[in-house]
1. Give the separation of the Cα centroids, the stretch 449-511 to the stretch 1-67, in Å.
2. Could you name the lysines in cross-link range of LYS19, using Cα to Cα under 26 Å and dropping any fewer than eight places away on the same chain?
3. Where does the chain land at 222 nm, in deg cm²/dmol rounded to the nearest 500, when only DSSP H runs of n ≥ 4 count, each adding -39500 (n - 2.57), divided by all residues?
4. Starting from the Cα of ILE136, move 7 Å in the Cα-to-Cβ direction to define the label point; list residues of the stretch 93-109 whose amide nitrogen is under 18 Å from there.
5. Normalised by the empirical 2.2 N^0.38 Å for globular proteins, what value does the Cα Rg of the chain take?
6. Name the residue from GLY319, LEU497, LEU214 whose Cα lies farthest towards the positive end of the charge dipole of the chain, charges +1 on Cβ of Lys and Arg and -1 on Cβ of Asp and Glu.
7. Charges on Cβ only, +1 for Lys and Arg, -1 for Asp and Glu, centred on the Cα centroid of the stretch 1-83; of ALA43, MET59, GLN30, which one is farthest towards the dipole's positive end?
8. What distance in nm separates the two pseudo spin-label positions at VAL371 and GLN83, each 7 Å out from Cα along the beta-carbon direction?
Amino acid sequence: MASQNPREEKLKKQRELSKLGGGQPRIAKQHEKGKLTARERIAELLDADSFHELEPFVMQRSDVCDNPDERILGDGVVTGYGQIDGRTVFVYAQDFTANGGSLGEMQSHKICRVMDLAVQNGAPIIGLIDSGGARIQEGIRSLGGYAEIFRRNALYSGVVPQISMIMGPCAGGAAYSPALTDFILMVEKQSYMFITGPSVIKAITGEEVNFESLGGAAVHLGTSGVASLTAPTEQDSLALCRALLSYIPSNNVENPPSCVSTDDPARIALELNDLVPEDDSQPYRMHEVIAHVVDQDSFLELQPTYAMNAIIGLARMDGSPVGIVAQEPNCMAGVIDINASDKICRFVRFCDCFNIPLVTFVDSPGFLPGVQQEHGGIIRHGAKVLFAYSEASVPKVSIVTRKAYGGAYIVMSSKYLGTDITYAWPTAEIAVMGPEGAANILHHKQIMDAADPEAEREKVMREYREKYLNPYVAAEAGFCDEIILPSETRSKVISALSVIREKQVQNPPRKHGNPPV
Ligand code: HXC
């Protein structure tokens, strides 16, 4: 029965109006494009009926718009809090039906408010972003609004997890705020990120490019490395966000959420014992190693098509989340290059921020040689990985499966970078370099002077392999805690993590470090 109370009626009407955002025709247009509205997205993301909206009646200031009567309730963003799997999250969703979700002063105030609440209450902040960037009509006020958001993105980094869901075309500031957050999830063939769009690019540089090939999900996942994950539909990407959060604590003083695993912690993976080929120039798949070691089907790979010579992702071991870092010998022999360094460094730092133990699988012949890499700053980029592992105070376990040559040995969670427990498989080759390089440097004259130089080269390489390319030299010198059978890796790592999980390490106090970013 309709209420007769005029105050109640007014509130009801205002609430209904605020739900319409930019109006029914624009909502219909959004649906025609196959896109959900801001409110529909929030409902899909959160546990059923758990959303509580804040500030739905906030509007643009009347003195900064041409026609105050056309102001939209909520000012183009829906903000509030709710639950994901029973855990509180704060959320904001830009409403593309209202001025293209563009950000003005009041919208920025609403976003900043939920960001502040998230930090004060130790809960993740999730942005559902669908915006043309700074609202042109509000000029400097929009730019100031973005500055307020960026500052919070930076200061709250490492305090609560920040996740950006890119749901539509995101330009300018709508691309920069996500870039400051921990994870960016994009929807394939629907979401785009760019600083300047195709028309501006054509005007300035003459290049012709469309939205998809400039800033589509595939480009940002595989080429730029901006995106962490992509999904074919909005629903899939929102489900992925829920899955991602299941590995992450709500803030930097909590431990990540664990669950009861149905996978036996002592499970022996016999398949691993023959996985590494006899011939060390032959590849194998590190993805297979990871799948056998972690809890069954628990590996959530991040940036799977970017710098595929490196692997990063979250997994569970006996129900507890871990960060996995590895090389993929099946791609560029697992060499470390600039992009792999960036990928690994950022992930190691993320895990360290949020108390997620690191498990590192090592098989790398070293850093990628080449003028392009040197001039591109491989020294600086590679140093980031050293910095990240050295600084990380979370529990760290490493397993050398095969090559750990030179810098790659040191960089990839080696013992004296502070790794708590280091394992090597019997196939491990821990040395300064591979046999070819060593033969050329150490025995160049001997090879050249030989009656049959190629036979001599083979001989010195064979001797080098026998003498140095094994795990026993490292084990003898105490650089590796144990040589283990590949099949026992799972139980060894789980047991190591169980004893180092609560370790207390205090790095020297400082304002902050200065990594070579
Ligand atoms: C005000 C905007 C707007 C903006 C879009 N709209 N962007 N209004 N300010 N920045 C409005 C449109 O006028 C339109 O209003 C509605 O939103 C939908 O936009 P369309 O262009 O019809 O949609 P679509 O074809 O899907 O294109 C979306 C778009 C495009 C790619 C985002 O609108 C666009 O290029 N916008 C401008 C992007 C941009 O350059 N932003 C400034 C970035 S600078 P009606 O009334 O017709 O529905 C920036 C500063 C910070 O962000 C930089 C930090 C480093």
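1. 60
2. LYS10, LYS29, LYS33, LYS35, LYS110
3. Details: 20 runs with 198 residues, N = 517.
Estimated from H runs of four or more residues: -11000 deg cm²/dmol.
4. Correct set: 96-105.
5. Values: Rg = 26.4 Å, N = 517, 2.2 N^0.38 = 23.6 Å.
Normalised by 2.2 N^0.38 Å, the Cα Rg of the chain equals 1.12.
6. The listed residue farthest towards the positive side: LEU214.
7. Going by the charge dipole, the pick is GLN30.
8. Roughly 6.2 nm, to one decimal.
None of the figures in this text is laboratory data; all of them are computed from the coordinates on show. Every value quoted in this text rests on a predicted model; they were computed, and no experiment measured them. Positions of Cβ are backbone-derived with ideal geometry, glycine not excepted, and every protein chain shown enters the neighbour counts.
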